[in-house]
Amino acid sequence: ARPASDAAPYTITEQDCIAWLRALPDESVDLIVTDPAYSGMNQHMKFGHGRIVGHYGTPGNARWFREFHDDPDTYRVFLQECRRVLRNDRHIYIMFDSYSLLSLGALVRESFDVKGLIVWDKVALGMGHYFRRRHEQIVFAGKGKRRVTRRDLPDVWAVRRVHRAAYPAQKPVALFELMLEASADPGFVVCDPFCGSGSSAVAALRRRCEFVGADIDPAAVQLARDRCASVVATGVDPLEPATKASG
């Protein structure tokens, strides 16, 4: 899983998340940061016919992406594989929307020691039924014992969501940078089984970490690879060109 020393410091694979994780060696990554493409909210709350995702489930719909079938049994396998590949005394951050947090969040305790719940305040209002959504949640958990490297971070992170994103559900790099500031040392191998457009990879590269990730969507994989290549070559993130590395 770890890229060779003379190779690019990132590896992004087009593959299903569980199949990809199963191919990684035991205890081969130092930090997992990920935003699974949950299907539950769209399937059960019928959000898919609005202007957020277009016509939900329509083959070839360019406005959406293939989701993770997040039934409890599949999610348990995903968590077990995450635990297997994560080294001892390391952290994991898993993002949740409100539906998936209620339906799946408690399962994280079966594989990891849950340390806390972080709220991502997107600053700007989004869409929503009844109440406009402005936040998502991040479960912070660990395998073994490890302290955070910063003790001044609150549990509410005000990071403005990406406006006019290049990819559906694209997350801001700054969100992953906060995770890395708390849990990664330079040289760590950062893992994201749902890397999407590669925001987590950009954060890892900026912190002088190596990155291994996967996504099932070929368009996402190409976008993430091109994005990482630009960051390595020029330091510029083409999807968030106004941002700079923190610290």
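For the range 71-190, what does the accessible surface come to per residue with a 1.4 Å probe? Please give it in Å². Working shown, then result.
On the way: 6100 Å² over 120 residues.
That works out to 51 Å² per residue.
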For this session: Please report, as a whole percent, how much of the solvent-accessible surface of the range 141-247 comes from carbon and sulfur atoms (probe radius 1.4 Å).
Result: 53
Seminar exercise, completed: Residue span D73 to E27: 0.36 nm per residue of separation minus Cα-Cα distance leaves a gain in nm of 14.3 nm
For this session: First obtain the Kirkwood hydrodynamic radius of the range 143-247 from its Cα pairs, then insert it into the Stokes-Einstein equation at 4 °C and 1.567 mPa s, and state the resulting D in µm² per second as a whole number.
Result: 91
Exercise. Label R133 and R208 with points 7 Å out from Cα along Cα→Cβ: what is the distance between them in nm?
Worked result: 3.8
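Taking N as the number of residues in the range 125-203, what is its alpha-carbon radius of gyration divided by 2.2 N^0.38 Å? Intermediate results must be reported in sequence, preceding the final value.
On the way: Rg = 14.3 Å, N = 79, 2.2 N^0.38 = 11.6 Å.
In units of the globular-protein estimate, the range 125-203 measures up at 1.24.
The values are calculated or read from the model by the stated rules, or taken from the named source; none is laboratory data. From a predicted model like this one, the values you see are computed outputs, not experimental measurements. Every residue, glycine as well, gets a Cβ built from its backbone with ideal geometry; the counts of neighbours run over all protein chains shown. Just so you know, the surface numbers come from the protein's heavy atoms only, side chains and all, with ligands and any DNA or RNA stripped out. Shrake-Rupley method; radii C 1.70, N 1.55, O 1.52, S 1.80 Å.
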